[in-house]
Amino acid sequence: MFAHFVEYLHQGSPASVAVMTVALMLMFGFALTRITKLLKLPNVTAYIITGILIGPYCLNLVPEAITDSTVFLPNIALAFIAFSTGQFFRLNALRGNGVKVLIITILEACVASVFVFIAAYWVLGMDLAFSAVIAALASATAPASTMMTIRQTGAHGDFVNTLLQVVALDDVVGLVAYSVAISAALALSASGSGVDFKNVALPILMNFASVIIGALMGVLMKILLTHRSTDNRLIVSVAILFGFCGICEMLGVSPLLGCMLMSTVYINITDDDKLFKQLNYFSPPILLLFFVRSGVCFELGALTGGNSQGGTSLLTLGIVYFIVRIAGKYAGAFAGCMITGKSKLVRNYLGLALVPQAGVAIGLAELGARTLGGTAGSSLHTVILASSVLYELIGPACAKISLVLSHSCDKDTKDEPVLSPQEEDKLIVNMLIERIREIQSELPEHTQPVPAEAVSSNQQHAMLRHFHFNNKNYH
């Protein structure tokens with residue numbers, strides 16, 4: 001019966017096969033997250049393993065026609081990921097501790113890339129274009145498993161604050177590094193062994209044009225979303241993101257930098273973070289399909305069957321990449337913390353928490369595979385996907401070790417001054433009053449704001465009772 005079902009999936013009508021395959025990808029992906037959740041692993045790991053299980057090497061439930069016809073998924077998924085990173089670039093937030101965090105992030109990302117490039121190009125003798133692209137991919141970090149570990153352990157303090165800021169900006173550096181590397185790779189591929197100015201300048205100009213268009217799209221998004229209903233805001237924003245991906249495809253460039261700048265412009269001119277929350281509710285099925293598809297396209301036989309790239313087996317390349325990237329992340333984070341004057345505990349253990357690599361790196365690997373093409377492209381995708389699974393398996397453990405060794409899990413860690421019950425109640429009342437003023441500012445102009453003095457002691461106690469009652473019920 002199962003054989004007949006598989007045969008139908010491969011020979012049925014295109015519409016029914018497409019709908020059934022998407023349903024299987026979604027259901028299998030969700031089902032496997034129930035297992036990885038028990039193992040304290042991130043959902044990305046479940047999605048990739050799902051793709052491998054239902055792919056050609058195991059159950060063979062996904063026809064090749066489906067993977068070929070969904071080639072647009074990496075662009076769409078990465079557009080959502082890149083758009084979500086732009087919200088962290090609020091100018092007022094970057095004026096504070098932003099410079100120190102930026103220095104640490106650039107160093108930990110770039111040192112990892114340099115280490116991998118040296119290992120790939122000079123030690124293993126890989127092609128220059130291939131070495132540049134895989135080195136750029138080494139800079140990206142997956143924050144999901146790290147943040148999950150922080151929530152589970154209740155860690156806090158300067159180490160955690162620095163870590164969260166670094167992982168938030170890390171993918172941005174990775175996106176920029178990839179854009180530069182893939183432009184250089186295209187230039188080298190077009191001009192052979194030499195570098196022609198036209199072949200170098202054209203990709204740079206196209207990327208610059210996409211960035212300008214992205215910034216203008218951010219302004220357009222602000223105009224079109226003003227005074228729209230919640231449903232229409234989602235429709236318009238998704239339409240703009242899809243349209244921008246189409247423009248970038250016509251220009252032959254990645255939509256990453258443009259989407260990132262689009263959201264950066266939008267958040268700074270509107271201060272509207274509700275749109276990002278709304279898109280975060282919309283994007284999970286798209287990201288699930290993307291990661292499952294990546295697992296389906298994973299060439300397991302290429303990794304274990306003795307296939308090579310530049311005379312080196314992919315298994316050897318994968319092992320070297322896996323180890324060297326970890327060393328580069330640790331060394332870069334250590335150097336960045338030393339330069340910015342971070343404490344010894346932050347300096348010694350921050351690099352351990354930057355091991356995970358998944359979402360952005362896998363998406364970029366797919367784009368890079370399409371751009372490089374041939375064996376170089378398939379080798380790039382295979383190595384990154386295999387190492388990402390391993391990184392996601394050991395990542396939570398490394399993050400937990402770093403949190404324990406940095407004493408971020410200690411209950412007596414000094415992070416914020418401890419407030420007395422009276423001071424805490426006063427703070428809550430002030431927060432509630434401030435919230436009332438925010439609500440009143442959105443009411444018609446004839447409504448007069450209530451001054452803080454007008455809130456009587458009895459009203460304050462009533463507000464506190466209401467707050468504590470709701471908070472108790474929530475927990």
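The values are calculated or read from the model by the stated rules, or taken from the named source; none is laboratory data. Predicted, not measured: the structure shown is a model, and the values here were computed from it. Note: ideal-geometry Cβ built from the backbone for every residue, glycine included; neighbour counts use all protein chains shown. Note: accessible area is taken over every heavy atom of the protein model, side chains too, but ligands, DNA and RNA are not part of it. Shrake-Rupley method; radii C 1.70, N 1.55, O 1.52, S 1.80 Å.
Structural remarks
- Residue count for segment 1-30 satisfying the condition of being touching a Ser or Thr at 6+ places or on another chain (Cβ under 8 Å) and of a type in the set (A, V, I, L, M, F, W, C): 4.
- Unique match (being farther than 30 Å from A335 by Cβ and in contact with a Pro (Cβ under 6 Å, 6 or more places away or on another chain)) among A79, A23, A46: A79
- Condition met for V111 (open to solvent by less than 20 Å² (accessible area, probe 1.4 Å) and either free of Cβ contacts under 8 Å to residues at least 24 places away in the same chain or of a type in the set (V, I, T) (or both)): no
- Members of segment 3-23 found to be open to solvent by less than 90 Å² (accessible area, probe 1.4 Å) and among the hydroxyl-bearing types (S, T, Y), listed by number: S13, S16, T21
- Residue match in segment 380-400 (condition: modelled with pLDDT of 80 or more, out of contact with any helix residue (DSSP H, G or I) (no Cβ under 7 Å at 6 or more places or on another chain) and not basic (K, R)): yes
- Checked against the criterion of being farther than 20 Å from I213 by Cα and crowded, with 21+ Cβ neighbours inside 10 Å, the candidates F282, F290 yield just one match: F290.
- Selected residue (criterion: nearest to L393 (Cα to Cα)) from residues of segment 349-383 that are open to solvent by less than 10 Å² (accessible area, probe 1.4 Å) and part of a loop (DSSP other than H, G, I, E, B): P356
- Count of segment 33-48 residues, restricted to those that are modelled with pLDDT of 80 or more and either more than 22 Å from A142 (Cβ to Cβ) or buried (at least 22 other Cβ atoms within 10 Å of the Cβ) (or both), is 3.
- Boolean, G306 is outside any helix (DSSP H, G or I), in contact with a Ser or Thr (Cβ under 9 Å, 6 or more places away or on another chain) and at pLDDT below 85: yes
- Residue in segment 137-147 that is open to solvent by less than 20 Å² (accessible area, probe 1.4 Å), modelled with pLDDT under 75 and not small (G, A, S) present: yes
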